[in-house]
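Here's the structure, in structure tokens; my notes come after.
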Amino acid sequence: MKKLFLVLLFLCIVGVWFSFTNEWDVANQDYTADEWEILELHNFVRGYIWLEELEIDSDLTDLALERCKYVYRTEKLTHWWHFNNLADEYIAEKDVNFVWENLGQFYFNNLSLMMAWIKSPTHLDNILFKEYRYIGIVDYWPYTCVSFST
């Protein structure tokens, strides 16, 4: 519980710093400032326990976008990667073991979204899984879809 409190405290500090500086080093204009902030928050939490930073993968981002479009269209916020042909194609093409996701809905800012994921044991497990190397992030209001892969 103490670790969770410290992580949440650090996230609050980082969130305040991000909102005041709002200086993004966006190397790729295909991603929004919100998506870069979500990446930074993930890497901040992972760095707390010395895990390797995640890198954005454009194919994984495309997969997250298709996922967000599906959720938006059907209004079904459920996890279903193991049934998804697109995820299976990504796994085969990239030669990775698996792909998983965190989904969020109706969060007013990225910090509150990240705090909700940290409070959820399964979402926190995804964020802190040491085998993950790549991330795809899509902020498709009102949904946020984050895909992870090895």
Item checked: Residue identified as surrounded by fewer than 17 Cβ atoms within 10 Å (Cβ to Cβ) and either at pLDDT 80 or above or touching a strand residue (DSSP E or B) at 6+ places or on another chain (Cβ under 9 Å) (or both) among LEU124, LEU103 -> LEU124
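Run down TYR134, TYR143, TYR70 and say which single residue is in contact (Cβ under 8 Å) with a residue 12 or more places away in the chain and open to solvent by 20 Å² or more (accessible area, probe 1.4 Å). Before you say what the answer is, go through the steps one by one.
Working: TYR143 fails: open to solvent by 20 Å² or more (accessible area, probe 1.4 Å); TYR70 fails: in contact (Cβ under 8 Å) with a residue 12 or more places away in the chain.
One residue alone meets the criteria, TYR134.
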Next item on the list: Any chance you could count how many residues in segment 27-59 are of a type outside the set (Ser, Thr, Tyr), surrounded by fewer than 18 Cβ atoms within 10 Å (Cβ to Cβ) and over 24 Å from TRP141 (Cα atoms)?
Entry: 6
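The values are calculated or read from the model by the stated rules, or taken from the named source; none is laboratory data. This is a predicted model, so every value here is computed, not measured. Virtual Cβ from ideal backbone geometry, glycine too; neighbours counted across all protein chains shown. Remember, those area values only see protein heavy atoms, side chains included, never the ligands or the DNA or RNA. Shrake-Rupley method; radii C 1.70, N 1.55, O 1.52, S 1.80 Å.
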